[in-house]
1. Quick one: which residue in Arg351, Arg280, Arg331 is free of Cβ contacts under 8 Å to residues at least 12 places away in the same chain and either surrounded by fewer than 21 Cβ atoms within 10 Å (Cβ to Cβ) or assigned to a helix (DSSP H, G or I) (or both)?
2. Return the residues of the stretch 139-197 that are under 26 Å from His341 (Cα atoms), crowded, with 19+ Cβ neighbours inside 10 Å and of a type in the set (Gly, Ala, Ser); say none if nothing qualifies.
3. Just one of Cys192, Cys230 is touching an Asp or Glu at 6+ places or on another chain (Cβ under 8 Å), over 25 Å from Met48 (Cβ atoms), at pLDDT 85 or above and away from the ligand (no atom under 16 Å from the Cβ); which is it?
4. Quick check on my filter: what residues within the stretch 53-87 are surrounded by 17 or more Cβ atoms within 10 Å (Cβ to Cβ) and of a type in the set (S, T, N, Q)?
5. Pull up the stretch 284-309, narrow it to residues that are more than 16 Å from the chain's Cα centre (by Cα) and of a type in the set (Phe, Trp, Tyr), then point me to the one that is surrounded by the fewest Cβ atoms within 10 Å (Cβ to Cβ).
6. Just to check your reading of the model, which residue among Leu145, Leu201, Leu178 is more than 15 Å from the chain's Cα centre (by Cα) and within 16 Å of the ligand (Cβ to nearest atom)?
7. For residues that are touching a helix residue (DSSP H, G or I) at 6+ places or on another chain (Cβ under 8 Å) and not in a loop (DSSP other than H, G, I, E, B), tally how many sit in the stretch 16-41.
8. Exactly one condition in (1) out of contact with any strand residue (DSSP E or B) (no Cβ under 7 Å at 6 or more places or on another chain); (2) at pLDDT 95 or above; (3) outside any loop (DSSP other than H, G, I, E, B); (4) not polar (S, T, N, Q) is false for Trp220; which is it?
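The values are calculated or read from the model by the stated rules, or taken from the named source; none is laboratory data. None of the values given here were measured: they were computed from a predicted structure. Every residue, glycine among them, receives a Cβ derived from its backbone with ideal geometry; neighbour counts consider all protein chains shown.
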Amino acid sequence: MEDGAADGLVDRTVQQEIDDLRVRRPHVLLLGAGASLAALPGGDRNGMALPLLRDVAIDLGLVNFFPAELRELAVTDFEAAYSKLVQQGDSSVSELNELIGDYFARLRLPDEPNLYDHLQLCLRGKDAIFTFNWDPLLLQSRVRLEREGLTSDQLPELFFLHGNVAVGICVQDRITGLVNRGAVRGRPCSECGQPFSPSQLLFPVETKNYTADPFIADQWNAARYYLSNCFMFTIFGYSAPKTDVEAIGLLKKAWGTVEAQALEQTEIIGRPGCDHNTLRNTWDPFIHTHHYEVLESFFDSWMANHPRRTGEAFISQYFDVQFIDNNTVPRDADSLAQLVHWFEPLLSAERLAHVPESGS
Ligand SMILES: [Zn+2]
């Protein structure tokens with residue numbers, strides 16, 4: 001129990017928070033490469049490092065796929081070099097796509113509970129996670145959480161804004177699902193029984209086109225819906241690189257004006273030692289006056305301190321002006337089963353409330 005509780009200063013106990021399910025609006029979590037790095041600081045279960053996009057040319061030995069005049073650029077600005085390659089109609093583009101996709105698809109979560117498990121368990125079915133990351137970690141976590149008995153309506157919706165090595169689409173039925181690749185086991189489309197086609201991965205800088213590909217278009221449509229409805233927006237490990245100007249523009253449009261979002265909280269999680277002012281300025285269009293926080297760890301976030309009740313805790317603190325106790329998630333669970341077990345009181349309250357947790 002927190003100090004406040006011991007002093008009798010708490011207006012609202014953990015049990016009251018667990019029993020409160022009044023919020024229907026979504027909490028939106030946006031993930032960038034920094035989230036995967038925070039999840040696997042020492043590499044994946046086999047010691048494989050998570051490559052940053054700017055490093056893939058060297059990390060994956062791709063430099064020789066580029067013609068001599070583009071090799072230097074490939075090392076300093078991979079996306080720019082790749083873009084030129086696409087413009088030249090170079091035949092090595094599809095081979096590059098395959099190699100990069102196969103590399104990311106081999107990444108695997110360690111057996112121990114991982115940050116990605118926390119991220120999903122701390123949100124509800126009404127909430128959504130949008131990721132720019134190609135790695136399959138979020139999906140591997142999802143599959144194992146479902147194996148632990150969680151159902152999809154108990155977990156946030158997942159969307160992949162730049163495609164994902166493990167996710168594909170059935171264009172005909174407009175359904176997305178897992179593809180067979182690396183450590184990921186695919187499932188066929190539930191409508192037609194055909195395997196899903198892999199989602200597109202790379203987007204040349206100058207011509208990022210978020211509407212041409214049906215899979216990507218669906219992901220961004222969802223972003224528009226969720227961002228315009230959310231009460232809390234958490235950005236984790238995404239520094240909004242210059243190559244993503246178009247993506248940021250789309251996010252801004254989806255979010256609407258800051259004035260219209262007057263009651264919302266924006267939370268930015270950077271790496272330890274990050275420059276708070278820079279992050280604050282980057283995300284300025286998403287911040288209403290003082291309703292923001294810059295954090296250096298997920299474990300300081302609303303999600304970690306008020307798991308599955310972020311909206312309710314936010315209302316209690318800012319509207320009901322209560323001193324609220326924290327219900328902080330454990331960082332030291334020995335197994336995934338133990339971590340899931342810790343969430344049981346929250347899940348049980350949700351089952352009792354029979355709250356339909358759809359995003360609509
Ligand atoms: Zn189908």
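1. Values: Arg280 fails: free of Cβ contacts under 8 Å to residues at least 12 places away in the same chain; Arg331 fails: free of Cβ contacts under 8 Å to residues at least 12 places away in the same chain.
When all the criteria are applied, what remains is Arg351.
2. Scanning the stretch 139-197 gives a single hit, Ser141.
3. The conditions single out Cys230.
4. Across the stretch 53-87, the qualifying residue is only Ser83.
5. Filtering the stretch 284-309 for residues that are more than 16 Å from the chain's Cα centre (by Cα) and of a type in the set (Phe, Trp, Tyr), the one surrounded by the fewest Cβ atoms within 10 Å (Cβ to Cβ) comes out as Tyr292.
6. Step by step, each of Leu145, Leu201, Leu178 is checked, and only Leu178 is more than 15 Å from the chain's Cα centre (by Cα) and within 16 Å of the ligand (Cβ to nearest atom).
7. Adding up the residues that qualify gives 13.
8. (2)
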